Amino acid sequence: MATIHPVIMCGGSGTRLWPVSRKQRPKPFLPLVGEKSLFEATIDRCGGAGGFAPVVVVTGAAHGDLVDSQLGSAPDAQVIVEPAAKNTAAAIALAAVRLPEDAVMLVCPSDHHIADTAAFREAAQKAAALAEAGWLVSLGITPHSPETGFGYIKTGEALDGGFKVERFVEKPDLERAKAFLADGGYSWNGGIFAFRAGTFLEELRKHEPAIADKVEAAVAAGRISGHCFHPDAATFARIEGESVDYAVMEKTDRAAMVPVDMGWSDIGNFQALRDARPGDEDGNRTSGNVELVDCSNVLAQSDGPRISVIGLSDVAVIVDGDEILVTTMEGAQKVGKLKGAANQ
């Protein structure tokens, strides 16, 4: 069994869940599903038991205090503090350079919900075995609806414990998403990856050498402060940011995938948040001082004033501090475009 080095990506502003999520306390650090924050739940899934090494957290300076305050179950964690946000390829490369070449990395976003931890761990071990054999592995999330907000992975030739990736597919329109679901050979790309540190860097040097060179230089000139590592800011600032999907996964000929059904959600908007929480017999989810009459599939939560809703379906009503949001679930995709979300 491979020892897995979890690399938790902890950034973003969480504007799509405004006003609950704000710049000073974004989505990963909130207890949106259950009593623990999404970040804390991610750490727990990747705990030391079951073949997991101490976690590596990659975050920005703005979130450093929040990370430290929620590392209670991971006292041996290493924190890499990005001097600037340069997208996921550079962030993952920072961790890869800091780890031994043969370390099997498991890259996990910090703001996703996974209901079935056992299924996650089993898939992680399968992915780690493929990574040891030289593959760059995505966890392919079993789709249950024709989602247009996710990229997809087309399953290819069978491997021992997984499959080759035939191709990655950009976010589709609704008709294509329905076709993917009916086909049965497509998975959601949830942004969870496994690969050896050395293999990832080899592919990054091949396909995006400028990113690889600058990350390596930034690490070489970096400094350690306690449990935190700070890459050289001036060198890192010269990186042209790119996602790991575009930089490596869509270009490599070593892409593989492990399918998994683990109750996954990216909690990407209020509809996803509603669906990740347990509901009543009418599908309503409430938190705080809330009264609903003749409602169905409503998400209503308040940290203070009473919310009273009558005769509505598929809406979210959110009260947080001095801000109030009311949206249909269809409109929930546009919350991040609000001026309040952008400014807070």
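The table below lists the values:
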item: Enumerated strands (runs of 3 or more DSSP E) restricted to the range 231-344, each holding at least 1 residues that are farther than 30 Å from Leu139 by Cβ; result: 285-287, 290-293, 299-302, 307-310, 315-320, 323-328
item: Single residue of Ile141, Ile153 found to be crowded, with 17+ Cβ neighbours inside 10 Å, under 15 Å from Val244 (Cβ atoms) and out of contact with any helix residue (DSSP H, G or I) (no Cβ under 8 Å at 6 or more places or on another chain); result: Ile153
item: Those residues of the range 1-55 which are surrounded by fewer than 22 Cβ atoms within 10 Å (Cβ to Cβ) and among the hydroxyl-bearing types (Ser, Thr, Tyr), in sequence order; result: Thr3, Ser13, Thr15
item: Qualifying residue in the range 195-215 (condition: outside any helix (DSSP H, G or I) and either within 22 Å of the chain's Cα centre (by Cα) or at positive phi (or both)); result: yes
item: Unmet requirement for Arg238, which otherwise passes all of (1) crowded, with 16+ Cβ neighbours inside 10 Å; (2) of a type in the set (D, E, K, R); (3) in contact with a Lys or Arg (Cβ under 8 Å, 6 or more places away or on another chain); result: (1)
item: Matching residues in the range 326-344 - criterion: being closer than 17 Å to Asn284 by Cα and within 25 Å of the chain's Cα centre (by Cα); result: Thr327, Thr328, Met329, Glu330, Ala332
item: The range 271-297 residues that are over 17 Å from Met329 (Cβ atoms), paired with ones that are basic (Lys, Arg) and crowded, with 17+ Cβ neighbours inside 10 Å (beta carbon under 8 Å, 6 or more apart); result: Pro278/Arg285
item: Selection within the range 315-332 - closer than 18 Å to Ala272 by Cα and surrounded by fewer than 18 Cβ atoms within 10 Å (Cβ to Cβ); result: Val326, Thr328, Glu330, Gly331
item: Residues satisfying the stated conditions in the range 1-40, i.e. in contact (Cβ under 8 Å) with a residue 24 or more places away in the chain, among the basic types (Lys, Arg) and either under 20 Å from Asp65 (Cα atoms) or touching a Ser or Thr at 6+ places or on another chain (Cβ under 9 Å) (or both); result: Arg22, Lys23, Arg25, Lys27
item: Condition broken by Arg277, with the remaining ones in (1) outside the structural domain of Ile8 (by TED's automatic domain parsing); (2) more than 23 Å from Asp111 (Cβ to Cβ); (3) charged (D, E, K, R) satisfied; result: (2)
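The values are calculated or read from the model by the stated rules, or taken from the named source; none is laboratory data. On a predicted model such as this, the values are computed, not experimentally measured, just so you know. No Cβ is skipped: glycine too gets one built from the backbone with ideal geometry, and neighbour counts run over all protein chains shown.
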